[in-house]
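Each remark here refers to the structure printed beneath this line.
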Amino acid sequence: MSSHKITPDHLSRRACLYIRQSSLRQVRHNTESQVRQYGLRERAIALGWPEDQIDIIDEDQGKSGATSAQRTGFQDLRARVGAGEVGIVLSLEVSRLCRDNAEWHKLLRIAAISKTLILDEHGIYDVSDLNDWMLLGLKGQLSEYELRGISARMLGGQRSKARRGELRLPLPIGLVYAERDRVVKDPDQSITEAVDLLFKTFQRLGSASQVTKWFWEHEISLPARPRRGGGKVVWGLPNRNQIQRMLKNPRYAGCYAYGRTRTHRRPDGTVRYATLPRDQWMVCIPAAHVGYIDWEEYLQNQETLHKNMLSIHPNLGRIPSPRAGAALLQSCVICGVCGYRMRTSYTRQRRPYWYYRCGENAIGLLSCQSVHGPVLDAAIGRFVVAAINKENLALSLTVREQLRSDFETADRQRCNHIENLRHQMELARRRYAEVDPSNRLVAATLETEWEACLRAHSEAVREREQFVKASTCMPEAELDRRILELARDFGKVWAAEETTNVDRKRLLRLIIEDITVTRVDNKVVAGLRLRGGRLHELPPIDLPLRRAEAIRRDISREALGELETLLEEGYADAGAAEELNRRGYRDSLGGQLNKKRIQNVRQRNNLPGGLQRKCDNLRTQGYKSRKEIAAELNISVRTVSQLAREARGVEGYALPGRKHPRAMYRIIPETQTKHAASL
């Protein structure tokens, strides 16, 4: 050992012994490596460092040396080396300090500046010496190469075993390993029935959110096996993420899949997982083991989930869930011109009015096409009612059988839950009966567990009795009669006040996939794509003519007569509107009259304006505008107004019906004669 490299300056500083193992398994089982690393403390004492100046850094146990992001001990060591507090760093080998070549050279540069020595089991190195620096650099590169080589060999063996379908991977709830790593269904019947119920419910409802709501409405729990729960099965009401994970897991379809995710390490050391498309999976072996569904049904489920999030055309946007708006065909209308999904637009009026507009190829204010919403909704509603009434018997039987199936399924799950609780209660009773009565501490604990199991079992039995009582409160014959009545006349259900727009949209989507509309002049051709792929085209639908708001707002005959009288008197449009409002007249919608509405009424009835009419009458009597009088007398317009106010040779006539009256003037004949004589 090159002890001549140690100087008194090094001995005056601290000696840091860095200890690390890559995994917790090595910490627990590879104890000999720990003994060797802690043994370096004796070597530091032999080199001259006092025992109280030797610091042991072992807080990075169980952490990989591939990065220093999560190793607080290594970061603290590097900071202390940079501060000049450390005279020597002891480690069994370079790989214990760092396996990242960039991080290793950073530590070497800092040690060279602070003149800190580095010791391993082969010797002492002075980083400021060129030969020692080169040797440590090579050791760091070899350490990183070794780590990557080990990872590559392990990953290659793992992938080779996975390509044969022999790599043992964690199984989802409902599947377990049997002898010789054979995958079978869970022997617990309650778990297998719950998982099977999930896939059957999704096949019927076609939505993960609806499946979640159905489980919550019927208070049916799903099993789960948390990774940190020690393999214990936990029952609880599912959420949408749990439902989607189970629906997207190919192991339920009997498919052995490997490499479905891609890992990405962030700069802070955390790992991010990205799900890959199915064609990019590294290994995909259908029918590799038993499953709850077949591979074709799994692919259909994935397509259904994809359609629920995105529409068929990638540019059509996301299809939202039904809302409470007045538009019945929300997100279901496709433009027959360009193929994009049409948007729903509402107008701000007292009456609900909406239209479906395609704005993908809009230029300025012109859209591709727009369709009157209420008329199209009414036609689709009539089709739905007629289609369901036509199949009333089959529908009634389907509804009745579905109600019974839902009840039987929910009741069977409750019975399975009660049976599990009864088994746990029996185990708790047996454990309590087998304990020594003199051991009161253990007996008291077992007695408490037994009582808890008894309470849980009693509560589950009580909830099932309430569920059965609430479901069978109506006699079966009465229930069948009501279902048949609703099926014979579905129009009553469709038009009932209790049926909300959300319910109508859900009923419509059970039958219709989407509607393609094409507008030709004042008619709309609607093509329906029904559930199952069948196409149906409705007869051409007539659209109402577009009328301006002014046409819809008219006045009564009495108000029209009063308006003609006011116009004869010379009232302007604004003045006539104020006078009619004062007399209590309103338009056809109950609104007050204004200048614009009076103008529209005059245009429809070919009535000249009161101001223009009065001006024409005054001109026949010799009246002119103020500018014309000023030009004729060769005076200013202000002088004309002053002469009219003082009644000196000019008289004026104020036009009525204006906030700021405008007047017309004429010259008194005597004044005109005197003015001509003066000229």
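Structural remarks
- The accessible area of HIS4, taken with all protein chains in place and a 1.4 Å probe, comes to roughly 140 Å².
- Nearest-10 value in Å² for the accessible area of MET309, using the 1.4 Å probe: 100
- Extension gain, GLN280-GLN642: 0.36 nm per intervening residue step, less the Cα-Cα distance, totals 120.9 nm.
- Checking every one of the GluC sites (Glu not before Pro) in segment 131-166 against DSSP loop status and a limit of 11 other Cβ atoms within 10 Å picks out GLU166.
- Label-to-label distance, nm, for residues given as SER209 and TRP295 (7 Å Cα→Cβ offset): 3.3
- Between GLU426 and SER160, the FRET efficiency estimated from the beta carbon spacing at R0 = 51 angstrom works out to 0.60.
- Whole-Hz Karplus values for segment 324-336 come out as 8, x, 6, 5, 7, 9, 4, 6, 10, 9, 10, 5, x Hz, taken residue by residue from phi with 6.51 cos²θ - 1.76 cosθ + 1.60 and θ = phi - 60°; glycine and proline positions read x.
- Sites listed here are trypsin sites (Lys or Arg not before Pro) in segment 154-250 whose DSSP assignment is loop and whose Cβ has at most 12 other Cβ atoms within 10 Å: ARG164, ARG168, ARG182, LYS232.
- Calculated FRET efficiency, GLN70 to ASN239, Cβ-Cβ distance, R0 = 25 Å: about 0.20 to the nearest 0.05.
- Space enclosed by the convex hull of the alpha-carbon atoms of segment 154-313, per residue, Å³: 157
- Here the alpha carbons of segment 1-95 define both size measures, Rg and Dmax, at 13.7, 41 Å.
- Across segment 128-145, computed HN-Hα scalar couplings (Karplus, 6.51 cos²θ - 1.76 cosθ + 1.60, θ = phi - 60°) run 6, 7, 4, 5, 5, 4, 5, 5, 5, x, 5, 5, x, 5, 5, 5, 5, 4 Hz from first to last residue, x flagging Gly and Pro.
- Its Kirkwood hydrodynamic radius, worked out from the mean inverse distance over all distinct Cα pairs, puts segment 143-217 at 15.9 Å.
- The residues THR445, THR639, THR275, THR499, sorted by heavy-atom accessible surface at 1.4 Å with ligands and nucleic acids left out, run THR275, THR445, THR639, THR499 from largest to smallest.
- Between ARG604 and ARG43, the modelled label-to-label distance comes to 10.4 nm, taking each label 7 Å out from Cα in the direction of the beta carbon.
- Stretching the chain fully between THR270 and THR304 yields a gain of 8.9 nm (0.36 nm per residue, less the alpha carbon separation).
- All lysines inside 29 Å of LYS115 as judged from Cα atoms, apart from same-chain residues fewer than 8 positions distant: LYS5, LYS63, LYS106, LYS139
- DSSP beta bridges confined to segment 8-149 are antiparallel in about 25 percent of cases.
The values are calculated or read from the model by the stated rules, or taken from the named source; none is laboratory data. Everything numeric here is computed off the predicted structure, so don't read it as measured data. FYI the Cβ positions are ideal-geometry reconstructions off the backbone, even for glycines, and counts take in every protein chain you see. Quick note on the areas: whole protein, heavy atoms, side chains included, nothing else; ligands and nucleic acids left out. Shrake-Rupley method; radii C 1.70, N 1.55, O 1.52, S 1.80 Å.
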